[in-house]
Amino acid sequence: MALKLSTTVRNAQLDALETAIGTAPILRVYNGTAPASAGTALSGNTLLAEGTLPSDWLSAAASGAKSKAGTWTLTGQSGAGSGTAGTFYRIYASDGTTCHVQGTFGAGADMVPDNNNIADTQTVTISTYTITRGNA
């Protein structure tokens with residue numbers, strides 16, 4: 001039988017995510033093939049944009065889901081290549097080295113930007129981002 005969790009448990013697990021990663025994490029968008037996991041090193045990926053997320057960067061979990069809180073803006077990296085669409089994102093602790101979350105980036109992906117093409121030094125705003133905890 002598959003594991004089934006109450007909404008209360010799923011919400012608690014999601015709220016623990018923000019606590020574990022901490023305040024002011026760093027969001028980076030990359031191009032190329034995503035590594036196998038958040039703990040796998042990057043390999044030939046191009047950093048397209050990055051920014052520091054708000055101190056309280058996720059809403060309180062409700063109904064087994066947690067969404068972005070506040071405004072998430074990134075800056076396109078100078079020399080990264082104009083018009084290049086990102087393929088995946090990573091969320092790092094504020095130290096910028098410990099990666100905790102990795103997912104798809106772009107239209108119809110885990111994280112959706114206001115513009116799927118990132119130009120040099122362009123400001124990119126994240127339109128939608130929601131994490132849903134399974135096992136309902």
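Once backbone amide H atoms are built at 1.01 Å from N, residue 101 has 91 as its partners under 5 Å, excluding neighbours fewer than 5 places away on the same chain.
Element breakdown for the chain at a 1.4 angstrom probe: carbon and sulfur atoms account for 51% of the accessible area. For residue 32, the residues whose modelled amide H falls within less than 5 Å of its own, excluding neighbours fewer than 5 places apart on the same chain, are 87. A dipole drawn for the chain from +1 and -1 charges on Cβ atoms has a positive end, and of 76, 86, 63 the residue lying farthest that way is 63.
The 3J(HN,Hα) values that the Karplus relation (6.51, -1.76, 1.60; θ = phi - 60°) gives for region 40-57 are, in residue order, 7, 5, 5, 9, x, 7, 9, 6, 9, 7, 7, x, 8, 7, x, 4, 9, 9 Hz. Gly and Pro appear as x. Return the long-range amide H neighbours of residue 122 (sequence gap of 5 or more, or a different chain), with a cut-off of under 5 Å between placed amide H atoms. Here 76 satisfy the definition. Projecting the Cα atoms of 51, 33, 97 onto the charge dipole of the chain (Cβ charges, centred on the Cα centre) puts 33 farthest toward the positive pole. Converting phi to 3J(HN,Hα) with the Karplus coefficients 6.51, -1.76 and 1.60 and the offset θ = phi - 60°, region 4-21 yields 10, 10, 5, 4, 4, 5, 4, 5, 5, 4, 5, 5, 5, 4, 5, 5, 5, 6 Hz in sequence order, with x at every glycine or proline.
Of all DSSP-defined beta bridges confined to region 58-136, some 95% are antiparallel rather than parallel. Compute the signed sum of charges (Lys and Arg +1, Asp and Glu -1) over the other residues within less than 12 Å, Cβ to Cβ, of residue 64. Neighbour charge sum, excluding residue 64 itself: +3.
Among 1-13, 68-80, sorting by the average number of other beta carbon atoms lying within 10 angstrom of each residue, highest first, gives 68-80, 1-13. Rolling a 1.4 Å probe over the heavy atoms of the protein chains gives the chain an accessible area of 48 Å² per residue.
Using a simple spin-label model with pseudo-atoms 7 Å out from Cα toward Cβ, residue 7 and residue 69 lie 2.0 nm apart.
The slack in the chain from residue 93 to residue 55, taken as 0.36 nm per residue of separation less the alpha-carbon distance, amounts to 12.5 nm. For the residues 21, 131, a 1.4 Å probe over the protein chains yields an accessible-area ranking, largest first, of 131, 21. Can you give the % of DSSP beta bridges in the chain that are antiparallel, to the nearest 5? Given both bridge residues lie in the chain, the antiparallel proportion sits at roughly 95 percent.
The values are calculated or read from the model by the stated rules, or taken from the named source; none is laboratory data. If you're wondering where the values come from, they're calculated on a predicted model, not measured in any experiment. Using ideal geometry, Cβ is built from the backbone for each residue, glycine included, and neighbour counts are taken over all protein chains shown. Only protein heavy atoms, including side chains, enter the accessible area calculation; ligands, DNA and RNA are left aside. Shrake-Rupley method; radii C 1.70, N 1.55, O 1.52, S 1.80 Å.
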